[in-house]
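Taking it in order: structure first as structure tokens, then the write-up.
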Amino acid sequence: MEGKAQVGGEAQDATALESKTVVLGVTGGIAAYKAADVASLLIRSGAEVHVVMTEAATKFVAPLTFRTLSRNPVAVEMFSDSGEWNVRHVALAEKADVVVVAPATANVIGKVASGIADDLLTTVIMATRAPVLFVPSMNEAMYENPIFRANLDRLLALGYRAMEPGTGYLACGREGKGRMPDPREIVAEVRRILSCRRDLAGFTVIVTAGPTEEAIDPVRHISNRSSGKMGYALAEAARDRGAKVVLVSGPTALSDPAGVEVVRVRTAREMLDAVMGRLGGADAVIGAAAPADWRPASVAPRKLAKGDGPMTLELETCEDIIATAGKRKDGRVVVGFAAETHDLIEHAAAKLAAKNLDFIVANDVTRPGSGFGSDFNEVKLLFPDGRTESLPLMSKGELAHKILDRVAALLGEIQEM
Ligand code: PMT
């Protein structure tokens, strides 16, 4: 395809980052060599790239590599005599539309979180008003170190961004979490950041995610196939748009998104308590969870014996979290999902009205590659005035932004009233 590069599995426009300046910070980790691919892909997407390396990074990759790729001088030293008249860190900080630190070591994240600016890169980060994206890459033990986690959380709470590292073979010879994500994913994230508005700054958003578990006895429960991916994607997207986010999550295998208050619950009743306890401070509630509709009427105190014949369970109705929030709106935006296997529009429209929602996201969960457990979703949005909007298959991250576009517009209307 002429003029197109393949980024993030999608055909990428060679002008996607045209007229954008990216300052690429490279720090001293083994993944520094992958930063050359990041630089190359950014340039192929049309960006002007300026590379700033830490002293340690130059031990892994020669500055000449980045100079050749970017066709710009590579900055390492704070006080070198470059012959430029302007102050180097200020010039780079002002020039940047986005600063990307890839790989970002625990050291650089710790320094920035502590307000230390003792080299060119940390000084550029401190001096810029542009969004800063950290791409942590380190061994798993370091990534899980509570000091590192606290530093990263502090940065995220301050509005800095970070990508989750991947899991796989690490340079220390072990399998684990800490690998730098694929350069194509990093470039896709840069594109998202540059197209992302901070339109939810000042708002608090509660998102529910994942399944609930309703106990039958001490070892068995009723649950469903929700992975939590949709709700977590919404929480991360709302955080990136500046919202204060509370993620009320049923049991999932996903790690807590940084910069988000995560409340882990098990049952629908606990999910209701967590949401209603925080409702007063919330501007929007989005129900992406799949809470149980029924639970066993009584929980056996001991493991039930198999016995000889079939078993009958008596079920009672669970609390409906999003309907309860919908009843007490008080100027809040309340959004639900509908997971349907048939009569999608009819069922979703009935839920939209019954739960007093501002809109509902209807997904046909029988479609392969979409809905429960998938990284993708294909949905229809239904509004109370009868409007329906069909959205094509897209990643849950992209869909989260589409949903939040509508939430932000509704919040804007409420503010104007
Ligand atoms: O978690 P993933 O694997 O990423 O999958 C995403 C998803 C398919 C779970 C998600 O996109 C989705 O459809 N969530 C809603 C699932 C569901 O419970 O649908 P429902 O039609 O039964 O419920 C309608 C609405 O009421 C939903 O907003 C639900 O959160 C809410 N509800 C339902 C039951 C209940 N006891 N309390 C609720 O708040």
When the chain is treated as a Gaussian network with springs between alpha carbons less than 10 Å apart, the largest mean-square fluctuation among T21, T204, T68 is found at T68
Of F376, F148, ordered by accessible area with the largest first and a 1.4 Å probe, the sequence is F376, F148
Once the in-chain neighbours fewer than 8 apart are removed, the lysines whose Cα is under 28 Å from K306 read none
Of Y33, Y160, Y143, ordered by accessible area with the largest first and a 1.4 Å probe, the sequence is Y33, Y160, Y143
A 1.4 Å probe over the protein heavy atoms gives region 273-374 a carbon and sulfur accessible-area percentage of 51
quick note, the chain, DSSP beta bridge pairs, % antiparallel (nearest 5) is 35
Rounded to whole Å², per residue accessible area for the chain with a 1.4 Å probe reads 48
Taking 0.36 nm per residue of separation between I414 and E55 and subtracting their Cα-Cα distance, the length gained on full extension comes to 124.1 nm
With all protein chains in place and a 1.4 Å probe, S370 shows an accessible area in Å² (nearest 10) of 10
If R0 = 41 Å, then T312 and M394, at their Cβ-Cβ distance, give a FRET efficiency to the nearest 0.05 of 0.45
Under 5 Å from the placed amide H of A14, counting only residues 5+ away or on other chains, we find A5
Measure of exposure for K303: accessible area at 1.4 Å probe, Å² rounded to 10, is 130
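Return the calculated 222 nm mean residue ellipticity for the chain, to the nearest 500 deg cm²/dmol, obtained by summing -39500 (n - 2.57) across DSSP H runs with n ≥ 4 and dividing by the residue count.
The per-residue figure over the chain is -9500 deg cm²/dmol.
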Of M53, M163, ordered by accessible area with the largest first and a 1.4 Å probe, the sequence is M163, M53
The convex hull of the Cα atoms of the chain, divided by residue count, gives a volume in Å³ per residue of 182
With the 8 Å Cα cutoff and a minimum separation of six or more residues, the chain has a relative contact order in percent of 11
Computed about the Cα centre, the charge dipole of region 339-401 from +1 Lys/Arg and -1 Asp/Glu charges at the Cβ has a magnitude in debye, to the nearest 20, of 100
The lysines whose Cα lies under 22 Å from the Cα of K95, excluding any fewer than 8 residues away in the same chain, are K20
With +1 on the Cβ of every Lys and Arg and -1 on the Cβ of every Asp and Glu, the dipole magnitude of the chain about its Cα centre, in debye rounded to the nearest 20, is 460
XL table K355/K380; K34/K111; K177/K303; K351/K396; K229/K303; Cα-Cα > 27 Å flagged, in table order, is K177/K303; K229/K303
Residue span T341 to A150: 0.36 nm per residue of separation minus Cα-Cα distance leaves a gain in nm of 64.5 nm
Here FRET efficiency (C-beta to C-beta, E164 to L194, R₀ 22 Å, nearest 0.05) is 0.65
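The values are calculated or read from the model by the stated rules, or taken from the named source; none is laboratory data. Only a predicted model underlies this, so the values are computations on that prediction, with no experimental measurement involved. Here Cβ is always computed from backbone atoms with ideal geometry, including for glycine, and neighbour counts include all displayed protein chains. Quick note on the areas: whole protein, heavy atoms, side chains included, nothing else; ligands and nucleic acids left out. Shrake-Rupley method; radii C 1.70, N 1.55, O 1.52, S 1.80 Å.
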